[in-house]
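Please treat every number below as a calculation from the coordinates, not as lab data. These numbers were taken from a predicted model, which means no experiment stands behind them. Reconstructed Cβ throughout: ideal geometry from the backbone, glycine too, with neighbour counts over all protein chains shown.
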Amino acid sequence: MFGAVRMGRLKIAFKVRITGGAWRGRRLKPMKGFQGRPTTDFGREGLFNLLRTRVDLEGAQVLDLFSGTGMVGMECASRGAAFVTSVEQQNKACRYIKAQYKILDYDDVLVVCNDSFGFMRRAYTPYDFVFADPPYDMDKFESIPGLIKDSGLVAKGGLFVLEHGERIAFGGEDGFVECRKFGHVHFSFFTFES
């Protein structure tokens, strides 16, 4: 099943498929009219292969910032996350995320229809795994790792992963561990143990 994303004049098709866990291979209805750039199946599969040795998602508290279609949170739920919080600003996307979790019969989710930067400033619950996939051209993009660190959103022993394009690097940032590339998608990994 394919969905489509319109980026400028370019219309990009994407599959909506869960790549692992209990719902592996499950195809979900694509969201029509989504304004964004969903993480590809290839990118998600690569990310979750890396996460297997870095964070235990079984029973984890997960935060998915700039959720878009919510697929990363759903991948975590499929792999046994205890609770997923998805934060997305687009109302239509929030409704879509809620509907998909209902189809999957997963109740341990909170969909926050709000600005992710505002959520970072006000949140007080630490999470075992925090993922952020903001628009690559977003203002303040480079400030996100510092904001996550200062917010205390990453629990002790937890992990933060930021998806970004190839024109930005976080090697000198506090807590940076490594960056991995899957096609044009880059994932920077951070731990904030101090």
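Points worth noting:
- Cysteines, the chain, no other Cys beta-carbon under 4.7 Å: C76, C179
- Rg and Dmax [Cα atoms of region 39-190; Å; Rg one decimal, Dmax integer]: 14.1, 42
- Ordered by the count of other Cβ atoms within 10 Å of each Cβ, fewest first, S67, S78 give S78, S67.
- Exceeding the 20 Å Cα-Cα cut-off - candidates K98/K149; K98/K140; K29/K92; K29/K98: K98/K149; K98/K140
- Sequence-separation-based contact order of the chain, relative, with Cα cut under 8 Å and 6+ spacing, percent: 16 percent
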